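Enquirer: Handing you a structure now.
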Amino acid sequence: MNSSEFFTEAKRLFPGGVNSPVRYYPPNPVYFRKALGDTIVDVDGREYIDFNMGFGAMIAGYGNREVMDEFNRMEFNLMPLGVPNELEILLGMEISSSIPSIEMMRFTNSGTEATMHAIRLARAFTGRKIIVKMNAGFHGSHDYVLVNAGSGALTFGTPSSPGIPQEIANTVIISDFNNLGDIEAIFGSRGEEIAAVIVEPILGNIGVIKPDDGYLRGLQKLCNEYGSLLILDEVITGFRFGYRGYQNIVGINPDLTILGKIIGGGMPVGLFGGKREIMEMISPSGKVYQSGTFSANPATMAAGLATLKYLKAADYHYLNRMADLVENILNPYIDEHEIVMNRVESMFQIFFTGSRVYNYKSAMAADSRRFMRFFKECLKNGVYLSPGQYESNFIGFMHPPEDVEIAATVMEGSIESSRD
Ligand SMILES: Cc1ncc(COP(=O)(O)O)c(C=O)c1O
């Protein structure tokens, strides 16, 4: 069967034919069968250079030999499930020592779960109800955070979803990213009721939007002043820009941190962690309930450990050099046309707009229909970008310079042919 035939079957089985909305694009998504290094292969045997890399999770590449050898060495498949295991301790120690604000943590099976539990915990710890989140900030797909959310929710024009009780949406206040004045005003009027501010350090689900200098430190200061918790969602940024969190780069010390993606090395994972006195409120040491049959399962812990071991020894400058290559190829073209490339080291996105993209409103002003034409042109020519304007693209350690050059050249041509 080809992709279109698979999709016919899939539509009968899955809503919209997919198991996560951002995987869909018309008329049907391409179905993939294999991956090696930086290349993914579809069901017809066509190869694509992948700049999505499992939405950033596969930073070490697919089938990385060093990672795979280490992964297999741990014999995770001989371990029982649902019981304490030694791998969770090893991975926990590695994470805590590289991101010191995470004194204590809980593993979950997704970023969504982790933000949900962190918010419950923040509410319990502060005895307050209100959560502040950023316009188009994305923290997974549960009720507390699906209010003016980014990613697929934006693609489909449903900033908040039906099925979420208004009472819950009323506990979430939306602030404009990169606008300290806005959040100061929110704290000025409701500060004593705010349990937490939850924020991605770099917005990664509305394209890529970097925090202005001092913005994240400003958020931390406000939270400290009002006794609210700062929850830093590093699901994308954790271990992406070096063997650390983005918090270590900007010098902030969040109360709680969320991790996911990279720390699972391609297996389902999430984590929330932070200050000991807060985390100790989690059951069974405290009363805030949280659990999971598959939490810290051996396969995930082994994949996470193998990946982190590889990353610890890796030269992250390599990723920057490869992203520079993309930028250098695209730059002359971008400068001549109304195109913006937002990039933070190895994470980037293209916007078809003549103006700076620094928040929700400026991102929405870009031509997202042209973006989809651009995406499809790339796809046709063997480059798989993240399938949506409101996503990020990622460079990994198994992108060789030759492929990066080919992919960037395809992108350049696709920008041209995506004109009306
Ligand atoms: C910043 C951020 N937080 C949370 C999530 C949710 O993670 P998951 O998809 O593992 O539930 C995502 C997913 O892309 C994310 O980018």
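The values are calculated or read from the model by the stated rules, or taken from the named source; none is laboratory data. The structure presented is a predicted model; accordingly, all values stated were derived computationally and were not measured. Ideal geometry is used to build each Cβ from the backbone, glycine not excepted, and the neighbour counts take in all protein chains shown. Note: areas computed on protein heavy atoms with side chains; ligands, DNA, RNA excluded. Shrake-Rupley method; radii C 1.70, N 1.55, O 1.52, S 1.80 Å.
Enquirer: Just one of the numbered conditions (1) modelled with pLDDT of 95 or more; (2) within 15 Å of the ligand (Cβ to nearest atom); (3) of a type outside the set (Asp, Glu) is not true of ILE249; which one?
Expert: Every condition holds for ILE249 apart from (2).
Enquirer: To continue, here is another question. Identify all residues within the range 160-190 that are small (Gly, Ala, Ser), closer than 30 Å to ARG356 by Cα and open to solvent by 50 Å² or more (accessible area, probe 1.4 Å); write none if there are none.
Expert: Listed by number, the residues that qualify are SER160, ALA185, GLY188.
Enquirer: On to the next question. Restricting to strands (runs of 3 or more DSSP E) lying wholly in the range 172-282: which have 3 or more residues that are within 18 Å of the chain's Cα centre (by Cα)?
Expert: Details: elements: 172-175, 194-199, 229-233, 256-260, 270-274.
The strands (runs of 3 or more DSSP E) meeting that bar are 194-199, 229-233, 256-260, 270-274.
Enquirer: What number of residues within the range 191-221 satisfy the criterion of being in contact with a strand residue (DSSP E or B) (Cβ under 6 Å, 6 or more places away or on another chain), open to solvent by 30 Å² or more (accessible area, probe 1.4 Å) and away from the ligand (no atom under 16 Å from the Cβ)?
Expert: 1
Enquirer: Looking at this structure, is ALA60 touching a helix residue (DSSP H, G or I) at 6+ places or on another chain (Cβ under 8 Å), under 23 Å from PRO401 (Cβ atoms) and more than 16 Å from the ligand (Cβ to nearest atom)?
Expert: When the stated conditions are applied, ALA60 passes them.
Enquirer: Take residues that are more than 22 Å from the chain's Cα centre (by Cα) and tell me which of the strands (runs of 3 or more DSSP E) falling wholly in the range 18-136 contain 1 or more. Lay out the reasoning, then the answer.
Expert: Numbers: elements: 32-36, 39-42, 47-50, 104-108, 130-134.
It comes to 32-36, 39-42, 47-50, 130-134.
Enquirer: What about VAL235, is it in contact with a Cys (Cβ under 7 Å, 6 or more places away or on another chain), at pLDDT 95 or above, in the same structural domain as ILE130 (by TED's automatic domain parsing) and within 15 Å of the ligand (Cβ to nearest atom)?
Expert: no
Enquirer: Please specify each residue of the range 78-93 satisfying the condition of being open to solvent by 40 Å² or more (accessible area, probe 1.4 Å) and either closer than 10 Å to ALA296 by Cα or at pLDDT 95 or above (or both).
Expert: Restricting attention to the range 78-93, the residues satisfying the condition of being open to solvent by 40 Å² or more (accessible area, probe 1.4 Å) are 78-84, 86, 88-90, 93.
LEU81, GLY82, VAL83, PRO84, GLU86, GLU88, ILE89, LEU90, MET93 - these are the residues of the range 78-93 that are open to solvent by 40 Å² or more (accessible area, probe 1.4 Å) and either closer than 10 Å to ALA296 by Cα or at pLDDT 95 or above (or both).
Enquirer: Answer yes if at least one residue in the range 170-180 is in contact with an Asp or Glu (Cβ under 6 Å, 6 or more places away or on another chain) and modelled with pLDDT of 95 or more, and no otherwise.
Expert: Residues of the range 170-180 that are in contact with an Asp or Glu (Cβ under 6 Å, 6 or more places away or on another chain), as a first pass: 175-176, 178.
If we keep only those that are modelled with pLDDT of 95 or more as well, we get 178.
Yes, the conditions are met somewhere in the range 170-180.
Enquirer: Might you let me know whether the range 36-51 holds any residue that is within 16 Å of the ligand (Cβ to nearest atom), surrounded by 14 or more Cβ atoms within 10 Å (Cβ to Cβ) and outside the structural domain of PHE241 (by TED's automatic domain parsing)? Break it down stepwise before answering.
Expert: Residues of the range 36-51 that are within 16 Å of the ligand (Cβ to nearest atom), as a first pass: 51.
Now drop any that are not surrounded by 14 or more Cβ atoms within 10 Å (Cβ to Cβ), which leaves 51.
Imposing the further condition that a residue be outside the structural domain of PHE241 (by TED's automatic domain parsing) reduces the set to 51.
Yes, there is a match, as at least one residue in the range 36-51 is within 16 Å of the ligand (Cβ to nearest atom), surrounded by 14 or more Cβ atoms within 10 Å (Cβ to Cβ) and outside the structural domain of PHE241 (by TED's automatic domain parsing).
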